[in-house]
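The values are calculated or read from the model by the stated rules, or taken from the named source; none is laboratory data. The structure presented is a predicted model; accordingly, all values stated were derived computationally and were not measured. Cβ coordinates were reconstructed from backbone atoms using ideal geometry, including for glycine residues, and neighbour counts include every protein chain displayed. SASA here: full protein model, heavy atoms, side chains in, ligands and nucleic acids out. Shrake-Rupley method; radii C 1.70, N 1.55, O 1.52, S 1.80 Å.
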Amino acid sequence: MKVSLFSTCVMDLMFPQVGIAMVEVLERLGVETELPEGQVCCGQPTYNSGLVKESMLTIKNQIDAFEDSEYVVGIAGSCSGMFTEYPHMFEEGDPYKQKAIDLANKSYEFTQFLYRVLGVKDVGATFNGEKATYHRSCHMTRILGEREAPFILLDNVKGLEMLPLPHLENCCGFGGTFSVKAPEISEMMVTEKMNDVVSTGAEILISADLGCLMNIAGKLNREGKKIKVMHIAEVLNNNVDLERIDKVTNPVFAEA
Amino acid sequence: MGLSTSTKTFAERLEDSKKDTFARAAVAKAQDAQWEKRETAREELGNWQEWRDIAESIRQHTLKYLPHYLTEFSDNVAKRGGHVFFAANAKEANDYVKRIVLEKNAKKIVKSKSMVTTEVDIDPMLVSLGDDMDILETDLAEFILQVADWDEPSHIVFPALHKNRDQIREIFAAKLGYEGDNDPVNLARCARDTMRKLFLKSEVGITGCNFAIANTGDINLSTNEGNADLTISIPKTQIVLMGMERIVPSIKEAEILDNMLARSAVGQKLTTYVTFAGQKAEDESDGPEDFHVVIVDNGRSNAIGTAFESILQCIRCGACLNVCPVYRQIGGHAYGSIYPGPVGSVLSPVLGGYEQYGDLPYASTLCGACTETCPVKIPLHELLIEHRKVMEDELKMHHDGSFVNMEMNAVGMGTGHPAMFGMAVNMAHTGLSMLPKAKEVTVEGSLFKYGAVRKAPALAKGWTDVRDLPVAPPHKEQFRQWYKKHKAGK
């Protein structure tokens with residue numbers, strides 16, 4: 001099985017180690033990867049700003065970049081979620097309409113791909129009894145519709161105690177350009193999120209979306225809070241026990 | 001007050017709400033409490049998503065055939081001896097109500113909570129009819145706002161959410177001579193004593209309308225205090241104001257929507273009083289002898305046939321406010337519209353235009369909680385993007401804020417071309433690495449591996465105003481570089 005990696009711009013700009021972790025986990029499970037060169041951003045920053053016409057170049061570019069891929073696996077739920085929005089952006093009869101549907105159908109966020117397609121629950125990651133909490137990103141949950149996969153994979157990480165985060169359903173205040181356009185509101189939101197994270201007593205904050213993670217971590221750092229912040233790919237790639245890795249089974253959702 | 005609740009700018013209102021820590025805490029507490037009640041009420045019903053589908057289809061159907069159902073309703077009201085008036089705007093609605101009140105020479109008017117009467121601003125008109133006018137809001141929360149010199153509502157369903165019992169006690173003490181404590185039971189008793197006196201003497205009753213029933217000419221009202229029932233049954237003259245979209249074909253559809261409304265709004269199966277009423281029939285013992293329905297457009301038809309038509313599906317349950325993380329922080333008054341929260345951010349620009357309400361569609365992270373909870377499936381967060389699209393792409397009224405649109409256009413260019421994207425990534429690193437760093441990085445893990453930026457200019461200014469920004473890795477350590485080497489090493 002071969003997957004095309006959707007590397008996303010926040011990762012490209014800021015966090016190579018997260019992409020590396022994703023590649024290592026996938027390859028350990030026997031998945032071959034490729035990184036289509038032509039890919040750029042998913043177009044969300046401009047699209048959500050209302051610059052819909054200006055986004056179409058980006059969006060068509062992404063569709064073209066992944067046209068020949070069998071699976072497209074992204075490192076951020078929000079960005080993969082954006083792919084599922086593409087089909088609405090083209091009128092019937094537009095040649096890009098079907099291509100957009102195809103891309104949406106073969107796109108997965110990383111943990112979603114592990115759980116839904118590979119049928120894997122335990123990737124062998126191990127910790128030493130640390131306590132962690134998970135921030136669920138809104139776009140991964142509501143736009144992409146993936147609520148379960150990260151929790152199932154995290155529950156199978158040995159030596160990691162997962163603590164529930166209060167107000168799990170609430171946005172952290174990132175919202176892409178919202179965080180720079182409306183910093184006052186964003187601050188109020190991220191402050192509550194930070195306090196919720198701190199209130200759990202967790203030593204590690206985990207998320208599957210780098211935007212949210214960068215937002216909450218940025219606030220934690222500004223306030224001098226001591227906590228470890230990890231992307232879920234880094235967690236799933238931590239201190240791996242090769243003996244324990246689930247065999248890749250039949251896809252759970254074969255219709256994908 | 002009308003649709004607009006403030007003359008301040010959005011930024012000024014935000015500043016006010018940030019300072020009002022009491023109101024913020026009250027909203028957060030109310031949201032948390034509502035969450036559980038609403039979830040329980042939904043679970044009890046079972047198959048919530050199917051109910052939503054049905055509710056959506058009822059609302060869509062009615063909107064599609066709106067002229068038909070409005071005509072049917074109007075004919076049925078007339079058949080029973082009542083009157084229907086179509087008001088194109090707030091002035092026409094007010095003029096009609098004024099004419100009726102003057103004709104009746106009425107001095108004592110009772111009102112039951114209604115958003116549309118606030119929207120068209122009936123109260124000051126009634127007050128202006130003379131010093132001897134006695135006007136009474138009979139919903140407890142609206143009564144509190146009225147006594148507090150007509151303070152503005154901050155929530156569609158819980159209009160006095162921003163006031164606590166101590167504040168209410170002070171208001172009652174100052175305005176009503178109340179001498180008791182801050183116990184809600186005693187406060188409610190004080191309000192009731194004031195209200196009952198006027199109820200019995202009232203000459204005109206004014207209510208809103210949750211749904212109008214097309215095939216009977218009845219109106220449907222949901223309340224928990226029974227105040228609407230008294231407002232309908234005691235005065236001889238009844239004036240109902242309704243938004244023109246608040247109509248259903250028959251009582252069957254109203255029943256479904258009442259279920260969705262009560263469960264979504266207050267987490268109840270049904271509200272304590274669910275009333276169907278209209279012109280008093282010959283053999284009935286109570287009810288209005290003179291029954292008027294004012295059907296208000298006031299900007300609603302701006303949405304018909306556009307991408308925003310689905311906002312008229314709204315049944316004013318306020319559930320989107322109760323899940324909105326932005327509303328949670330800034331409260332209702334910050335929106336500057338009597339319709340706050342996600343529904344207000346979509347509806348207010350439709351009714352009142354972008355010049356005044358153009359900030360509201362940007363006051364959202366597009367998290368989608370509103371869309372997910374809406375009992376009639378309005379795609380609220382998508383409509384917020386649609387507003388932005390109209391403003392940016394069609395009207396070219398660029399929304400700057402702290403974020404200049406030129407820069408956003410540059411982002412569009414940068415993300416659209418693979419080559420430029422690569423350049424942008426490199427430039428971002430160079431730019432970020434030159435900025436002043438935080439002395440200490442407390443957050444562990446790889447996110448701040450290259451340090452933290454405290455103060456950034458341009459695009460990232462808003463970001464670093466409130467939080468730190470991780471420094472980007474040097475070019476040779478970027479993911480694409482690593483991946484090339486990784487593949488070559490295979």
| query | Tilt of helix B:479-488 relative to the longest C-alpha principal axis of chain B, in degrees (0 to 90, nearest 10)? | reply | 50 degrees
| message | Under 17 Å from a point placed 7 Å out from the Cα of B:Phe276 along the Cα-to-Cβ direction: which residues of region B:241-255 have their backbone N that close? | response | B:247-255
| region B:238-295: trypsin sites (Lys or Arg not before Pro) falling in loop per DSSP and having at most 16 other Cβ within 10 Å | B:Lys269
| task | Calculate the spin-label point distance for B:Trp48 paired with A:Glu34, positioning each point 7 Å from the Cα along the beta-carbon direction, and give it in nanometres. | result | 4.3 nm
| Accessible area (Å², 1.4 Å probe, nearest 10) - A:Arg116 | 40 Å²
| task | Treating the angle as unsigned and between 0 and 90°, give the value, to the nearest 10°, between the Cα long axis of helix B:10-19 and the longest Cα principal axis of chain B. | result | 90 degrees
| request: Arrange the residues B:Glu355, B:Glu382 by how much accessible surface each exposes, largest first, with a 1.4 angstrom probe. | output: B:Glu355, B:Glu382
| message | Taking 20 Å as the cut-off for C-alpha to C-alpha distance, list the pairs among A:Lys121/A:Lys158; A:Lys131/A:Lys225; A:Lys228/B:Lys449; B:Lys8/B:Lys29 that go past it. | response | B:Lys8/B:Lys29
| Counting only residues 5 or more places away or on other chains, whose amide H sits under 5 Å from the amide H of B:His162 once H atoms are built in the peptide plane? | B:Ser154
| note | Note on chain A: contact order normalised by length, alpha-carbon pairs under 8 Å, 6 or more apart, percent, works out to 23 percent
| query | Using the membrane-span-like helix rule (whole DSSP H runs, Cα extent along the own axis of at least 15 Å, mean Kyte-Doolittle hydropathy at least 0.0), which helices of chain A qualify? | reply | A:16-28, A:210-222
| query | By how many degrees, between 0 and 90 and to the nearest 10, does the Cα long axis of helix B:405-416 differ from the longest principal axis of chain B? | reply | 60 degrees
| message | Defining a contact as two alpha carbons under 8 Å apart and six or more residues distant in sequence, what relative contact order in percent does region B:300-388 show? | response | 32 percent
| query | Within region B:235-298, which GluC sites (Glu not before Pro) sit in a loop by DSSP and count at most 14 neighbouring Cβ atoms inside 10 Å? | reply | B:Glu282, B:Glu284, B:Glu289
| note | Heads up, region B:231-274 by the C-alpha gyration tensor (a ≥ b ≥ c square roots of eigenvalues; a/c under 1.5 rounded, else a/b over b/c prolate, else oblate) looks oblate
| When only Cα pairs under 8 Å and 6 or more residues apart are kept, what is the percent relative contact order across region A:162-229? | 35 percent
| Counting only protein chains, not ligands or nucleic acids, how are A:Glu32, A:Glu91, B:Glu72 ordered by accessible area (probe 1.4 Å), most first? | A:Glu91, A:Glu32, B:Glu72
